[in-house]
Amino acid sequence: MGEVWEWRAAADEGLVLLDGFHALKHALRFGADVRVVVAEEPDAVLALAAALAPDVEGEVRRLVQQGALRELVGRVHPTGVAALAVRPDGDQGRARLRQRPRSAPIVVLDDPKNLGNVGAVVRLAAGFGATGVVTRGSLDPWHPNVVRAGAGLHFATTVDRVTLETLPEGPVYALDPEGEDIRALTLPDDALLVFGSERHGISPELRARADHLVCLPMRPQVSSYNLATSVAMALFHWGGPRDGLRTHG
């Protein structure tokens, strides 16, 4: 039962839950301080590491221990592994967001409501090399369900919650149905790309801060895109990482 006590002690420190092998893999790849890893069948997890992520296989082997996950987490991931990691230093993350000039945009989510959508946006931001993802409103972007949907890629970018007063500097490009077609624009690297909530759109106060209103091409009578889809389209238009890009087929 040693793993139970170790897990509970780590959980009491407010560490981040990494639910499943892919979340663990990404966290390790991007330098997370992983404190404890528990698997129902460690050999199966090591086989996954050997097949899918040999670059972190040694770390997984060093950390993993056998345990009954059902005693530790509410729902066991199909890969049969979970871990706890230290959340990145918030002050350092905010310093990265404030740094100018920036080489990639910041994605701003204005009062989002869907945890899974926010996690999907974090995953996109990491893949495109965005400077970070910040949210306004009550949703915690480090909620376990957001981290789960983000597949552990919170550790590959900067994720934080801000207010209107603490919004990073930079030209604000707000996605709005009344805006200019994004295809006619060049998005600068230091842009703040602002996306409204899934139901209500951008708040009036943040819309008033916008330097540019931008819209995505959409067929008439189609009401909207999914939040993550909209972010993907905007980041793809921006251009993504110029160096070290790996295409996914």
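Listed values, structure above:
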| quantity | calculated |
| --- | --- |
| Options (i) 18.3, 57; (ii) 19.3, 61; (iii) 26.3, 85 - which one matches Rg and Dmax of the Cα atoms in Å as calculated here | (ii) |
| In Hz, Karplus ³J(HN,Hα) per residue of region 207-224 (6.51, -1.76, 1.60; θ = phi - 60°; x = Gly, Pro) | 4, 5, 7, 5, 7, 9, 9, 10, 10, 9, x, 8, 5, x, 6, 8, 6, 6 |
| Candidates PRO171, PRO204, PRO220, ranked by Gaussian network fluctuation over the chain, Cα under 10 Å, top entry | PRO220 |
| Cβ-derived FRET efficiency at R0 35 Å, ASP140 paired with GLU41, nearest 0.05 | 0.65 |
| Candidates ASP140, ASP91, ASP181: whichever shows maximal mean-square fluctuation once the chain is modelled as a Gaussian network with Cα springs under 10 Å | ASP91 |
| 25 °C / 0.890 mPa s Stokes-Einstein diffusion coefficient of region 41-189, Kirkwood radius on C-alpha pairs, µm²/s | 140 |
| For region 147-176 versus region 38-96, the gap between their alpha-carbon centres in whole angstrom | 25 |
| Backbone HN-Hα couplings from phi across region 119-135 [Karplus 6.51/-1.76/1.60, Hz, Gly and Pro as x] | x, 5, 5, 4, 4, 5, 4, 5, x, 7, x, 4, 5, x, 10, 10, 10 |
| DSSP bridge orientation in region 2-85 - percent antiparallel, rounded to nearest 5 | 75 |
| Helix-only mean residue ellipticity at 222 nm for the chain, each DSSP H run of n ≥ 4 adding -39500 (n - 2.57), per residue, nearest 500 | -9500 deg cm²/dmol |
| Gaussian network model of the chain, springs between alpha carbon atoms under 10 Å - residue of THR186, THR158, THR79 with greatest fluctuation | THR186 |
| Given the chain, longest segment not containing exposed loop GluC sites (Glu not before Pro) (DSSP; at most 10 other Cβ within 10 Å) | 14-164 |
| Trypsin sites (Lys or Arg not before Pro) within region 62-109: DSSP coil, no more than 10 neighbouring Cβ in 10 Å | ARG75 |
| Cα principal axis extents for region 2-85, largest first, Å | 31, 24, 20 |
| Sequence-distant residues sharing a close amide H with VAL172 (under 5 Å, placed H) | LEU192, ASP211, HIS212 |
| Only Lys, Arg (+1) and Asp, Glu (-1) charged, at Cβ; region 2-85 dipole about Cα centre in debye | 140 |
| 5 angstrom amide H check on CYS215, placed H, neighbours 5+ away | ASP176, GLY179, GLU180, ASP181, ILE182 |
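Rule-based calculations on the coordinates, nothing more; no lab input. The model shown is predicted, which means the values in this text are computed figures rather than measured ones. Positions of Cβ are generated from backbone atoms using ideal geometry, with glycine treated the same way; all protein chains shown enter the neighbour counts.
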